[in-house]
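Have a look at the structure below, then the notes.
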Amino acid sequence: MLLMLFIGSTAQDKLFEEAIGNGRAANQFYRAKNGKGKGQSIDKVRDYAQKHNYLLGKYTTKEIERFGDKQTALDEFYFLPLDDYPSYVYEFTNLGGKYADLKQRGSCWLFVGEKFLRFDNVLWSGEIQNGMLSGKGCGFWIDDNNRYYYSVNGEFQNGLPLGQQSVKSFSFKASQPDEVSFSLTSNIEVGRLSDGLASFSISGGKWGFVNAEGVIAIAPSFDTIIKEFSNDRAEVVSSDKEIIINKEGNYVDLTAKQKQLNAQQEAKKRQEELKRQQEEKRKELARQQEEIERRRLAAEAEKRRVEKFRTCEPGDRVYFNQDWEHTDNWILFRTTNSYTMRVVCFVEQNVKNGERLQIRVGSVESSSDRYYSTPKIDGIEYRKGDVLWIKPLNDTRWQIE
């Protein structure tokens, strides 16, 4: 039995060693393939992998006959030494270069969740200054238990991100170690440190400021950064206005450009108001002139009307119109209809140049086919055939044809 265990162990050593010797493809575990008629049991390979710190990935099985019995054995399987797993994960980051290029170790701040977190022992392909990531490069951070990873590609200033930068994260799954899926942790843009603060924006949103220790000094609340901090002042855009703020993020003053723009806008408003007033004045003058002309024409028309009445003769036609309304009340609503009564009369006598006229009512007509009313002037009703006296000179209700 000891001999069988030794032989089995030797066969497994050879199987794993041959696979490692053949190398592995990019983004793949090492591939081990059993020969024809050979096979390793799943349990034995799993125990061997655990003993030697190998991660087992996907595998296939086959049926083999051994000592006259059919058994299920591994046909091919994929594995990776646990020490090589960071390199395997790095291949999926698309950061460029190789894992072996990450020769430096330093600290930096990465935006995770809602704040900048400090990461130490970050593998870095660029320069390290005073223990902090500096310049451009690729960064890769692995936790102590080899279970969580963060990747970043970009530029740093004394450990603080500079420019646009995306951070991706990956968490190890023991059940499927060969499947690597990243999630975007953050996508930010950070300005250059100036006067101890740097502007930053999360995913193209509002802008705020972070200090050199990765502490958010001013929460993102500004539309645009015009000038970074200098002498404790920065210029930003807030609510479409260029303003100056202090290091607490409080309003101090308008920028010189904004003041000039406000002055131009005020001047434009005053000019527009002046134009509006001038236009209103012009319209008022036109209205007054129209009213004067209307009154002149009305006076001339009245003069002609009076002159016609003064010189009218028996048989001439005179008339007046009288407006009426009829209202019908229904259960839920009421309706009102307007109509006009037209009274046509003939002159019988002209007394004192039209001061008094005797007339005979010739016709009384309604503008409506449905509604009719008896017209009256000063309480006197007018019916067809009536002979009445009127004083038309000062009563504009009377017209003459």
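Some observations on this one:
- Applying the set (1) of a type outside the set (Lys, Arg); (2) open to solvent by 90 Å² or more (accessible area, probe 1.4 Å); (3) at pLDDT below 95 to GLU307 leaves exactly one unmet item: (3).
- Residues in segment 89-131 that are within 23 Å of VAL190 (Cα to Cα) and open to solvent by less than 20 Å² (accessible area, probe 1.4 Å): 12 in all.
The rows are residues; the columns are (1) over 37 Å from the mean Cα position of the chain (by Cα); (2) outside any helix (DSSP H, G or I); (3) more than 21 Å from GLN157 (Cβ to Cβ).
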| residue | (1), (2), (3) |
| --- | --- |
| ASP83 | yes, no, yes |
| GLY97 | yes, yes, yes |
| ARG105 | yes, yes, no |
| LEU117 | no, yes, no |
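- Cβ-Cβ under 6 Å pairs, at least 6 apart or on other chains, segment 101-129 side of a type in the set (Ser, Thr, Tyr), far side modelled with pLDDT of 95 or more and assigned to a loop (DSSP other than H, G, I, E, B): SER107/GLY131; SER107/GLY159
- Subset of segment 57-85 [over 14 Å from ASP178 (Cβ atoms) and surrounded by 12 or more Cβ atoms within 10 Å (Cβ to Cβ)]: THR61, LYS62, ILE64, GLN71, THR72, ALA73, LEU74, ASP75
- A single entry from GLY214, GLY163, GLY249 fulfils the requirement of being on the phi > 0 side of the Ramachandran plot and assigned to a strand (DSSP E or B): GLY163.
- Scanning segment 315-349 for residues that are modelled with pLDDT under 95 and open to solvent by less than 40 Å² (accessible area, probe 1.4 Å) gives a single hit, ASP328.
- Residue that is nearest to GLY315 (Cα to Cα) [pool: residues in segment 357-372 that are open to solvent by less than 40 Å² (accessible area, probe 1.4 Å) and in a loop (DSSP other than H, G, I, E, B)]: SER368
- Evaluated against (1) within 51 Å of the chain's Cα centre (by Cα); (2) open to solvent by 100 Å² or more (accessible area, probe 1.4 Å), GLN277 falls short on exactly one condition, (2).
- Per the listing SER221, SER186, the residue uniquely polar (S, T, N, Q), touching a Ser or Thr at 6+ places or on another chain (Cβ under 8 Å) and over 22 Å from ASN94 (Cα atoms) is SER221.
- SER166 over 38 Å from the mean Cα position of the chain (by Cα), open to solvent by less than 60 Å² (accessible area, probe 1.4 Å) and without any contact (Cβ under 8 Å) to a residue 60 or more places away in the chain: no
- Test result for ASN211, surrounded by 13 or more Cβ atoms within 10 Å (Cβ to Cβ) and in contact with a Gly (Cβ under 9 Å, 6 or more places away or on another chain): yes
The values are calculated or read from the model by the stated rules, or taken from the named source; none is laboratory data. Predicted, not measured: the structure shown is a model, and the values here were computed from it. Glycine also receives a Cβ, built like all others from the backbone with ideal geometry; neighbour counts cover every protein chain displayed. Keep in mind that these areas ignore ligands, DNA and RNA; they rest on the heavy atoms of the full protein, side chains included. Shrake-Rupley method; radii C 1.70, N 1.55, O 1.52, S 1.80 Å.
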